1. Compute the length gained on full extension between residue 195 and residue 129: take 0.36 nm times their separation in residues and subtract their Cα-Cα distance, giving the result in nm to one decimal.
2. How much of the calculated P(r) for the range 135-187 lies past 12 Å, in percent of all Cα pairs?
3. How would you rank 43, 129, 66, 194, going from fewest to most other Cβ atoms within 10 Å of each one's own Cβ?
4. Going by average Cβ density within 10 Å per residue, which order do the peptides 122-128, 15-21 take, highest to lowest?
5. If I stretch the segment between residue 170 and residue 138 completely, what's the gain in nm (0.36 nm per residue apart, minus their alpha carbon distance), one decimal?
6. Using the Cα gyration tensor of the range 91-197, with a ≥ b ≥ c the square roots of its eigenvalues, what is the shape: rounded (a/c below 1.5), prolate (a/b larger than b/c) or oblate (neither)?
7. Of the listed pairs 6/195; 143/173; 33/173; 143/195, which have alpha-carbon separations greater than 29 Å here?
8. Most exposed first by the Cβ proxy, i.e. fewest other Cβ within 10 Å, how do 13, 186, 156 rank?
Amino acid sequence: MSSSIKHLVVIIDLNPIYWSDKVSSSTTTLNFKQYLNIIIQFCNAYIAFDINHRLTIIGCSNNETCFLYPDPTNESLIIPTVTKTNMFEQLFVVDRVVENNLKEFIENLSPMTTSSGSMITMALTQALCYINRLIHDALAGEKNSFRILIIQTTNDTSKQYMNFMNAVFTSEKINVPIDGCILNNDSSLLQQACKFN
């Protein structure tokens, strides 16, 4: 009997313009480090909840996206089979890999552009391509389910509407629900995606 793998893809909005504006305003209650710590704690809880849970984290800024976990360049850090005996080791690996990849992502960001929106659409498209690859690589008889969680801090940009909705329609076609978490702003695009799926 094959086990059912549940795979969560988390898309994190890491827009430096948004967070620099939050630092300059003294009314903010959540800083960037706290934001990331909360997300990592959630991801660790998701993995620890069941040994059949798998995780992918994609970060996006105002002009780039990056896989934060798993690390495609250093697969030796990933434990291929999570068991009850190595569960805590896997949680440590998630923390370390995300921290290292996030530092590299932030250091290599292109010079700031005036765009205050994030590349949520590009990250969503990458997530769907990655899920599609996992679906096609699955062994016969495996019952895998996929879900996408988008954590957004920036405002929507109207130029992303058509591409975003195309990605939402694709996710519906391959039965991948989209969940959203919107912080300090309103996102009609993400609300539509969550209602549609």
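Read-outs throughout are calculated quantities, based only on the coordinates presented, and are distinct from any laboratory measurement. Small disclaimer: the values here were computed from a predicted structure and weren't measured. No Cβ is skipped: glycine too gets one built from the backbone with ideal geometry, and neighbour counts run over all protein chains shown.
1. 21.6 nm
2. For the range 135-187, the share of Cα pairs beyond 12 Å comes to 74 percent.
3. 129, 194, 66, 43
4. Those peptides, ordered most packed to least, come out 122-128, 15-21.
5. Computed gain between residue 170 and residue 138 is 9.6 nm.
6. oblate
7. The pairs that break the limit, which is 29 Å between Cα atoms, are 33/173.
8. 186, 156, 13
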